[in-house]
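S.K.: Below you will find the structure I want to go over with you.
The values are calculated or read from the model by the stated rules, or taken from the named source; none is laboratory data. Here the structure is a predicted model, which is why all the values come from computation and not from measurement. Cβ sites come from the backbone with ideal geometry, for glycine too, and all protein chains shown count toward neighbours. Just so you know, the surface numbers come from the protein's heavy atoms only, side chains and all, with ligands and any DNA or RNA stripped out. Shrake-Rupley method; radii C 1.70, N 1.55, O 1.52, S 1.80 Å.
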Amino acid sequence: MSELNKLKKDFPLFGDVRGSGLFIGVECIDEHGKENTLLAQHIKNGLKDDYILASTDGPLDNTLKMKPPLCFTKQNTDRFIESMYFILKNRK
């Protein structure tokens, strides 16, 4: 969660970052603070293309939901954050 909060500083299109343990959710918002379903879908599909599984949830399907396995390592976290950064930096 701390790495996602750091990423949030570079990309204000993340709203709330919340979770417990390895169950983490990241709210995707637009520049006006409204729910951004399209961004959540874009990130989810970009992660899938990079062989990282995530899903979306919430009333407007704008919250990314990650549930990594217990064997998730710091190296896996680094790869996940790098992939998120690349997806966000190169989005159209």
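S.K.: Could you tell me which label, among (1) 19, 14, 13; (2) 24, 16, 10; (3) 33, 18, 13, carries the value of semi-axes √(5λ) of the Cα gyration tensor in Å calculated for this structure?
M.R.: Derived directly from the coordinates: (1).
S.K.: What value, in deg cm²/dmol to 500, does the helix sum -39500 (n - 2.57) over DSSP H runs of n ≥ 4 give at 222 nm once divided by the residues of the chain?
M.R.: Helix contribution divided over all residues of the chain: -13000 deg cm²/dmol.
S.K.: If the cut-off is a Cα-Cα distance under 17 Å, which aspartates and glutamates reach Lys34, setting aside same-chain residues fewer than 8 apart in sequence?
M.R.: Here the aspartates and glutamates satisfying the reach criterion relative to Lys34 are Asp16, Asp57, Asp61.
S.K.: Counting only protein heavy atoms and using a 1.4 Å probe, what share of the accessible area of region 1-67 belongs to carbon plus sulfur, as a whole percent?
M.R.: On region 1-67, the fraction of accessible area on carbon and sulfur atoms equals 53 percent.
S.K.: With every protein chain present, what is the per residue accessible area of the chain (1.4 Å probe, Å²)?
M.R.: Details: 6020 Å² over 92 residues.
Computed with neighbouring chains in place, this is 65 Å² per residue.
S.K.: Taking the alpha-carbon centroid of each part, what is the distance from region 38-92 to region 2-34 in angstrom?
M.R.: 11
S.K.: DSSP loop chymotrypsin sites (Phe, Trp or Tyr not before Pro) in region 14-71 with at most 16 other Cβ atoms within 10 Å of their Cβ, which ones?
M.R.: Answer by residue number: Tyr51.
S.K.: Next question, about the same structure. Expressed as a rounded percentage, what relative contact order does the chain have, with Cα pairs under 8 Å and six or more residues apart?
M.R.: 25
S.K.: Now for a separate question. Figure the gain on full extension for Leu7 and Gln75 (residue separation times 0.36 nm, minus the Cα-Cα span) and round it to one decimal in nm.
M.R.: The Leu7-Gln75 span can extend by a further 22.8 nm.
S.K.: Collect residues whose amide H, placed 1.01 Å from N in the peptide plane, falls under 5 Å from the amide H of Phe14; neighbours closer than 5 in sequence don't count.
M.R.: It is Ile29, by chain and number.
S.K.: Write out the trypsin sites (Lys or Arg not before Pro) in region 1-62 meeting two conditions: DSSP loop, and at most 12 other Cβ atoms within 10 Å of their Cβ.
M.R.: Lys34
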